Amino acid sequence: MLLTITTTHVPATDLGYLLGKHPDRFQTFPLPFGQAHVFFPEAREDSCTAALLLDIDQMGLVRGRPDRIAKGGPASSKGGLFGQYVTDRAYAASSLMSVALARVFSSALKGTCRDRPELAESALPLSAEVAVLPCRDGEGLLQRLFEPLGYNVTLRPLPLDERFPEWGEGRHYQVSLSGTLRLCELLSHLYVLIPVIDDEKHYWVGQDELGKLIEHARGWLEKHPEQELITLRYLKHQRLLSRQALASLTPEKESEIHFGDDPERNMDRPISGKAEDALEQRISLNEHRIDAVVGVLKKLGARRIVDLGCGEGRLLRALLMEREFERITGMDVSLSALDRARRRLRLDEGSAGQSERINLFQGSLIYRDKRLEGFDAACILEVIEHLDPDRLAAFERSIFGLARPKAVIVTTPNADHNALFPSLSPGQFRHHDHRFEWSRAEFANWTQEVARRYGYTVGLAGIGHEDVHLGPPTQMGVFTLCA
Ligand code: SAH
């Protein structure tokens, strides 16, 4: 597990003072799960690099499982015995890296520097490289986490096995970040975000982790557009703790945070056993949806895309990250949602390249609208259930009949799955504004009927953790226009 930090501030060897480590020395620090080595592969006037190499005791990890059970929580049996020995834990950056950062660079992380206090206060040209960072959620998440912090982010997906390139890429990335900021900011970002990205879930967290998050995230998390995701994941999906963290970082915003409102999000309390795996998946259901839709759009080779009922623009943002999507349009009936989307996408700040690719407008799905014509694909995510059933036919006509994109992707809740949400009573919908929620059979009927009537073919897929009996939480229909 390797992390390097480089500066080109002159004299670059000041990095040694900042980290409290002499550039000529090779130092080793014992950790509960192995050793950390610190050394400087280069120490020149114009460029200096410090390396933190973690040498994990893999057998010790399995025996003691410090990342999982040292804090008294339940150990996971996921992966069985084989999984315990053959894992990426020894080389891929995880919460162990954060533990090492706090132990080895404690004063730098706090922003203090005994010999050169003014250096610790200054923004310097810095870059960091994490050799192997596991991210099941793909490149989009890495960008969404680091770019808002002002970094230039370079990602290199790593092949599953260098010897067999034909196996393709896995879920590991070499991540390079560069920017001009204080060293303590860079270290705090890594300290918090590495475990968030790794998202290894099965250990116990308590008030001490909450305290660490508040200590290291103050000053940046309150402005981060992904603050909810970061807090939930850092705190291992515990809703109450996340609420406390956000309330303490952004007291003025507490009233806007409604973790309790949406059963799809209300799943992060400590629960044990099999149910935990199933339920935790739903926390990031929204991310799964976006990943699934982006995947379909890429497969279809779509370049001009419209997101109908785009809401706050979560999908739009993911689309912007992918260069192959040339024209990205968002439409919503709600002006305030469009405003939030504009802010989320920073459209008013006007990065010229971006504003050429994207535009947003107010409109409704149920009226004919010329602006909706000429797209390769229309995405309608979690919107149809907001329409009154007697308006569905008008919606079908305006989109499938008149706008006629080459493909239409529709997602909607699977009502069969609702029985698995403990906060929902029988027959209750997931959101107070939903007008209906369809079972798998109802959705299948509707998609087939629409496809037949308007000359599309349709395929169905599930999104999120699939229950053997009740299916996935979200269902998706992918319609393609018949030639
Ligand atoms: N697609 C987004 C938002 C889903 S919430 C996401 O997946 O995150 C539903 C959205 O549909 C809301 O933003 C709401 O304003 C919008 N909406 C509801 N009725 C609409 C209509 N008739 N035309 C366009 N948008 C509509």
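Computed quantities for the displayed model
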| read-out | value |
| --- | --- |
| Failed item, numbered, when Val408 is tested on (1) assigned to a loop (DSSP other than H, G, I, E, B); (2) under 26 Å from the mean Cα position of the chain (by Cα) | (1) |
| Count - residues of region 323-337 that are surrounded by 14 or more Cβ atoms within 10 Å (Cβ to Cβ) and under 13 Å from Ile358 (Cα atoms) | 6 |
| Residues satisfying the stated conditions in region 398-415, i.e. within 14 Å of the ligand (Cβ to nearest atom) and either surrounded by fewer than 21 Cβ atoms within 10 Å (Cβ to Cβ) or over 17 Å from Gly477 (Cα atoms) (or both) | Ser398, Ala403 |
| Meets criteria (surrounded by 15 or more Cβ atoms within 10 Å (Cβ to Cβ) and either without any contact (Cβ under 8 Å) to a residue 60 or more places away in the chain or farther than 20 Å from Ile305 by Cα (or both)) for Gly471 | yes |
| Filtered residues of region 1-52 (kept if hydroxyl-bearing (Ser, Thr, Tyr) and either touching a helix residue (DSSP H, G or I) at 6+ places or on another chain (Cβ under 7 Å) or part of a strand (DSSP E or B) (or both)) | Thr4, Thr6, Thr7, Tyr17, Thr28, Thr49 |
| Residue count for region 387-397, restricted to those that are in contact with a Phe, Trp or Tyr (Cβ under 9 Å, 6 or more places away or on another chain), closer than 28 Å to Asp291 by Cβ and within 11 Å of the ligand (Cβ to nearest atom) | 2 |
| Selection within region 426-449 - buried (at least 16 other Cβ atoms within 10 Å of the Cβ), within 16 Å of the ligand (Cβ to nearest atom) and charged (D, E, K, R) | Arg430, Glu437 |
| Of residues in region 371-386 being outside any helix (DSSP H, G or I) and surrounded by fewer than 18 Cβ atoms within 10 Å (Cβ to Cβ), the one farthest from the ligand (Cβ to nearest atom) | Gly374 |
| Search result, residues across region 354-368 that are more than 13 Å from the ligand (Cβ to nearest atom), modelled with pLDDT of 90 or more and surrounded by fewer than 18 Cβ atoms within 10 Å (Cβ to Cβ) | Arg357, Asn359 |
| Segments classed as helices (runs of 4 or more DSSP H), wholly inside region 269-346, with at least 3 members that are touching a strand residue (DSSP E or B) at 6+ places or on another chain (Cβ under 7 Å), modelled with pLDDT of 95 or more and over 26 Å from Leu149 (Cβ atoms) | 285-300 |
| Scope region 126-145; condition closer than 22 Å to Leu53 by Cα and not aliphatic (A, V, I, L, M); matching residues | Ser127, Glu129, Pro134, Cys135 |
| Residue selected from region 426-468 under the condition touching a residue at least 24 places away in the same chain (Cβ under 8 Å) and in a strand (DSSP E or B), by the criterion nearest to Arg289 (Cα to Cα) | Ile463 |
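Per-residue answers, yes or no, for (1) aliphatic (A, V, I, L, M); (2) touching a residue at least 40 places away in the same chain (Cβ under 8 Å); (3) within 8 Å of the ligand (Cβ to nearest atom):
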residue: His288; (1), (2), (3): no, yes, no
residue: Asp291; (1), (2), (3): no, yes, no
residue: Val296; (1), (2), (3): yes, yes, no
residue: Arg304; (1), (2), (3): no, yes, no
residue: Asp307; (1), (2), (3): no, yes, yes
residue: Glu324; (1), (2), (3): no, no, no
residue: Ile328; (1), (2), (3): yes, no, no
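The values are calculated or read from the model by the stated rules, or taken from the named source; none is laboratory data. Please read all numbers here as calculations on a predicted model, not as lab measurements. Neighbour counts are summed over all protein chains in view; Cβ atoms, including those assigned to glycine, are modelled from backbone coordinates with ideal geometry.
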